[in-house]
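Following: one structure in structure tokens, then a few remarks.
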Amino acid sequence: MDEVRHLSTDGSRGTIVVHEWSNDDPTWIAVLVHGYGEHLGRYPHVAERLRADGAVVVGPDHEGHGRSDGERVLITDFETVVDDLHSVVTRARETYAGLPVVMVGHSLGGLIATRYAQRHRDELTALVLSGPVIGSWHPTALADLPEIPDDPLDVSTLSRDAAVGVAYAADPLVWHGPFKRETLRAITSMLRTINEGGDLGTLPTLWLHGGADELVPIGPSREGIETIRGGEFSEHVYDGARHEIFNETNQNDVLDDAVAFVRAHLG
């Protein structure tokens, strides 16, 4: 596939770096929304699969993440992250006028994508959520501790493919430190906003989750899904799969399911 391009744009709190995987003859726009502490550069294989199916693929590194500006993993208001994402989508829609837009959000990116869909539902043709942080999320309780522990992530919880954990641990653009208290409080606030923000109406939504996900357990996420799901809803739960289902040993099946869902709704 073509080399990814890195474009810079003004964000709410500094420069945001946008990844773009081009397509000579695109038929749709895929917007990837990454999770906490990581960056979009971890998902070239996802972009390649979507691109092979006709998509031009774009997405930002959120503020404080990856190549973008900001104190590492510090987010005080997720509405501004949604604003930045909206700027990315707006530019893509102007560049590739008339093409349908599908948003794919993973983990904390699922929280951001869900809020985006609540605010800008009419701009989307479909929404795909992978292990989304919605409903409630147990790490937010850490914000109430006098000192947030600096416990390293058990990388084996990411995927049954051990190479994924090795690469994650060695990635200098991944955050390997503790949670920021302000970020946890902002997550709590955004979870409440989403829970009170209404369902997604007729927006086709696909929920994908690993059955053995310890980082974003399936139970609370399902409760969130039941709150926001609209009338066009599908789901796949993968037995034994861990948190990063796009990086799992059955990733091809997961991507096939996502592409089949998108194809069914592109018309």
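None of the figures in this text is laboratory data; all of them are computed from the coordinates on show. From a predicted model like this one, the values you see are computed outputs, not experimental measurements. Please note: Cβ atoms are built from the backbone with ideal geometry, for glycine as well, and neighbour counts cover all protein chains shown.
In the chain, helical runs assigned H by DSSP with n ≥ 4 each contribute -39500 (n - 2.57); averaged across all residues and rounded to the nearest 500, the mean residue ellipticity at 222 nm is -11000 deg cm²/dmol. Taking the Kirkwood radius as Rh and the Cα radius of gyration as Rg, region 137-228 has a ratio of Rg/Rh equal to 1.01. Relative contact order of region 61-131, please, whole-number percent, based on alpha carbon pairs below 8 angstrom and at least 6 residues apart. Once divided by the residue count of region 61-131, the mean separation gives 25 percent. Listed values for region 139-144 are Karplus-derived 3J(HN,Hα) couplings in whole Hz (6.51 cos²θ - 1.76 cosθ + 1.60, θ = phi - 60°), namely x, 4, 5, 5, 4, 8, and x replaces Gly and Pro.
On the principal axes of its alpha carbon atoms, region 20-176 extends 51, 34, 28 Å, with the longest extent given first.
Across region 1-104, the volume of the C-alpha convex hull divided among the residues equals 87 Å³ per residue.
About its Cα centre, what dipole magnitude does region 214-267 give when the only charges are +1 on Lys and Arg Cβ and -1 on Asp and Glu Cβ, stated in debye to the nearest 20?
160 debye
Size descriptors for region 102-188, from the alpha-carbon set: Rg then Dmax equal 15.3, 44 Å. Sequence-distant contacts, meaning Cα pairs under 8 Å at least 6 residues apart, place the relative contact order of region 185-267 at 33 percent. Mean separation of Cα pairs under 8 Å and 6 or more residues apart, divided by the residue count, gives the chain a relative contact order of 18 percent. Distances between placed amide hydrogens fall under 5 Å for residue 235 paired with 207, all partners being 5 or more residues away or on another chain. In the chain, a dipole from Cβ-located charges (positive for Lys and Arg, negative for Asp and Glu) runs towards its positive end, and of 252, 124, 156 it is 124 whose Cα lies farthest in that direction.
In units of the compact-protein estimate 2.2 N^0.38 Å, the chain shows a Cα radius of gyration of 0.92.
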